[in-house]
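Q: This is the structure, below, for whatever I ask next.
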Amino acid sequence: MKNVEKIVFLSGNGNHQLGSEILKELSELLGENCEFDHINYNDWPDGEPDDRIVKYEKIKGKTVVFYQSIYSQELQTEAFDLIWAIKHQYGAKYVIAIFPFFWNRRQDPISNENEKEGPWSKKILKPDEIKRLERSIHLFSVCGVNEMMVATPHSNAMSKLCKKYNIVFHEINPASLFATKINTFVRLEDRNKLRTYAPDIGSMERAIEMGRIFNCPVLFNQKNRAINSEISIVQKEENEIKELILELKKFYKFEDIHHMTHELVQDNIMIMVEDEIASGTTANDTGRLLQGTKAKSIILVATHTVLTPGWRNKLFNKNPFEKIIVTNTIYRGYEKRTGGLIIDISVASLFADSLFQILKSLENK
């Protein structure tokens, strides 16, 4: 690539390991060595951040790629501070933000189904809930982000809000990586038994994408989350289910969609698709439901390992999963390892490929 010297790479503290992997992959694509410039991270005596970009004079007029996996309020504030300084204090021409995981991803007062504006769902507004997802994207726009990359956003609200605030949005989808790893564990003669499963309508798009890859049926349920967070399956009349399936087929342009039944699950290999694992309760409850319906085996795939306190006991309660496959958007240190019960795959190549395309398109402008 020409003019690679006009690009500055900077990283926050959120999962720096993945950021380094992305730059290594990008270096191979570009045929140039890409490295993060150093930032001194420090605090004032009263605890206020005193982070400083050491070679700030390099930034003026350049394209800056800023990396940060945002899985805490502190990391989000760090990103706001640094991006604002990069753009407004040091004069970057263009800012590309790589956010493998995005804080506030779920905090929008319209549910995932509603944002898709599917005819199967009525709008459920929550006026008492602050639109923190919109606030965060708005602030990143004000701070100076021009393009943004995120792995598996919770819903398409993120892309719509980026459009609203003039940020070019790129979704990084690890479905192909999950499929490659699943093929490692599923024998060739058992591939016809594969079924993808969406535990709720909000997971349909992810399940359908996996269904397209494997050319297999997609099954779904609708779930209800009680105030105590317990999950139950919503029971609907047969005519309602038929109408819903027709709408889903039309909306997603995918024909092989079915409401989950005992006959469709029994003796088949179920791929349960989630965007994240948090407490582990929902995944475990859903896995045991499939287990009780006599699935041959259950494979759980999830992009983000949020892993809230007590997650092991909940996720592995009478463990229904043959395999659990996750990505490395959030760093999972030794204290969160499982002795092989969870398998990690890296999304570095996907981010590097997308970043390479963005940089090439900017070069041609």
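The numbers here are math on the coordinates, done by the rules we state, and not lab data. Everything quoted here is computed from the prediction, not taken from an experiment. FYI the Cβ positions are ideal-geometry reconstructions off the backbone, even for glycines, and counts take in every protein chain you see.
Q: Under a Cβ-only charge scheme (Lys and Arg +1, Asp and Glu -1), can you give me the dipole magnitude of the stretch 175-346 about the Cα centre, in debye to the nearest 20?
A: 540 debye
Q: Can you say what percent of the DSSP beta bridges in the chain, counting only those with both residues inside, are antiparallel? Round to 5.
A: Restricted to the chain, the bridges split so that about 15 percent are antiparallel.
Q: Next question. Just want the answer: with Cβ charges of +1 for Lys and Arg and -1 for Asp and Glu, which residue in 358, 140, 99 is farthest toward the dipole's positive end in the chain?
A: 358
Q: With N denoting the number of residues in the chain, provide Rg(C-alpha) divided by 2.2 N^0.38 Å, to two decimal places.
A: Normalised by 2.2 N^0.38 Å, the Cα Rg of the chain equals 1.04.
Q: Would you mind calculating the relative contact order of the chain from Cα pairs under 8 angstrom and at least 6 residues apart, reporting the percent as a whole number?
A: Relative contact order comes out at 14 percent.
Q: Sort out the exposed loop GluC sites (Glu not before Pro) in the chain (DSSP loop, at most 13 other Cβ within 10 Å) and tell me the longest stretch that has none.
A: 256-365
Q: In degrees, nearest 10, range 0 to 90: what is the angle between the Cα axis of helix 175-185 and the longest Cα principal axis of the chain?
A: Between helix and principal axis, roughly 60 degrees.
Q: Cα to Cα, under 18 Å, and not fewer than 8 places away if on the same chain: which aspartates and glutamates meet these conditions relative to residue 323?
A: 190, 267, 274, 275, 276, 285, 344
Q: Let me ask something else. Projected onto the charge dipole of the chain (+1 at Lys/Arg Cβ, -1 at Asp/Glu Cβ, origin at the Cα centre), which of 215, 313, 75 gives the Cα projection farthest towards the positive end?
A: 215
Q: For the stretch 175-346, take the convex hull of the Cα atoms, compute a quarter of its surface area, and give me that in nm², please.
A: Averaged projected area of the stretch 175-346's Cα convex hull equals 10.1 nm².
Q: Pick out, in residue order, every one of the trypsin sites (Lys or Arg not before Pro) in the stretch 1-87 that is DSSP loop and has at most 14 other C-beta atoms within 10 Å; say none if there are none.
A: 2, 55, 60
Q: Would you list which lysines come within 16 Å of residue 249, measuring only between C-alpha atoms, while excluding same-chain residues fewer than 8 positions from it?
A: Cα-Cα hits under 16 Å: 116.
Q: Moving on. Which value in deg cm²/dmol, rounded to the nearest 500, describes the helix-derived mean residue ellipticity at 222 nm for the chain, given -39,500 (n - 2.57) per DSSP H run of n ≥ 4 and division by the residue count?
A: About -10000 deg cm²/dmol.
Q: A further question follows. Over 32 Å between Cα atoms, which of 93/181; 193/314; 164/193; 62/163; 24/131; 62/181 qualify?
A: Correct reply: 93/181; 164/193; 24/131; 62/181.
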